[in-house]
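In what follows, a single structure is set out as structure tokens and then discussed.
The values are calculated or read from the model by the stated rules, or taken from the named source; none is laboratory data. Since the model is a prediction, treat every value here as computed from it, not as a measurement. Using ideal geometry, Cβ is built from the backbone for each residue, glycine included, and neighbour counts are taken over all protein chains shown. With ligands, DNA and RNA removed, areas are computed over all heavy atoms of the protein, side chains included. Shrake-Rupley method; radii C 1.70, N 1.55, O 1.52, S 1.80 Å.
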Amino acid sequence: MSDDFNMSMRKFLKQVGVTSQQEIEKAARAAGRSGPFHAKVVLTIDGLDLEHVVTGQIDGTPD
């Protein structure tokens, strides 16, 4: 893989991680409750035959 590809992919994944964390914290605060929250992320990429699903649990209370 090229350096440009790797850097671009890492930048995208960092943006996904940061913005997703912010949205989860905001939603949990607005709901006024703590976990566990059952989460699912579906990644699709146009032009590639890709659908990647990640599931997990988020425990605790947002600060």
Tabulated pairs, the range 10-23, first farther than 19 Å from P62 by Cβ, second among the hydroxyl-bearing types (S, T, Y) and surrounded by 10 or more Cβ atoms within 10 Å (Cβ to Cβ), C-beta under 7 angstrom, 6+ apart or interchain: none
Of the residues in the range 24-47, those that are more than 18 Å from Q57 (Cα to Cα) and not aliphatic (A, V, I, L, M) number 3
Can you name every residue in the range 34-49 that is open to solvent by 100 Å² or more (accessible area, probe 1.4 Å) and either aromatic (F, W, Y) or within 11 Å of the chain's Cα centre (by Cα) (or both)? K40
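Considering each of A27, A31 in turn, give the residue that is under 17 Å from the mean Cα position of the chain (by Cα) and either surrounded by 10 or more Cβ atoms within 10 Å (Cβ to Cβ) or aliphatic (A, V, I, L, M) (or both).
A27
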Being outside any strand (DSSP E or B) and either open to solvent by 100 Å² or more (accessible area, probe 1.4 Å) or among the acidic types (D, E) (or both) is the filter here, so list the residues in the range 50-60 that pass it. D59
Of (1) over 14 Å from the mean Cα position of the chain (by Cα); (2) open to solvent by less than 70 Å² (accessible area, probe 1.4 Å); (3) among the aliphatic types (A, V, I, L, M), M1 satisfies every one except (2)
Meets criteria (free of Cβ contacts under 8 Å to residues at least 24 places away in the same chain, out of contact with any Lys or Arg (no Cβ under 6 Å at 6 or more places or on another chain) and part of a loop (DSSP other than H, G, I, E, B)) for G47: yes
Inspect all residues belonging to the range 38-48 and state whether any of them is touching a strand residue (DSSP E or B) at 6+ places or on another chain (Cβ under 6 Å), polar (S, T, N, Q) and modelled with pLDDT of 95 or more. yes
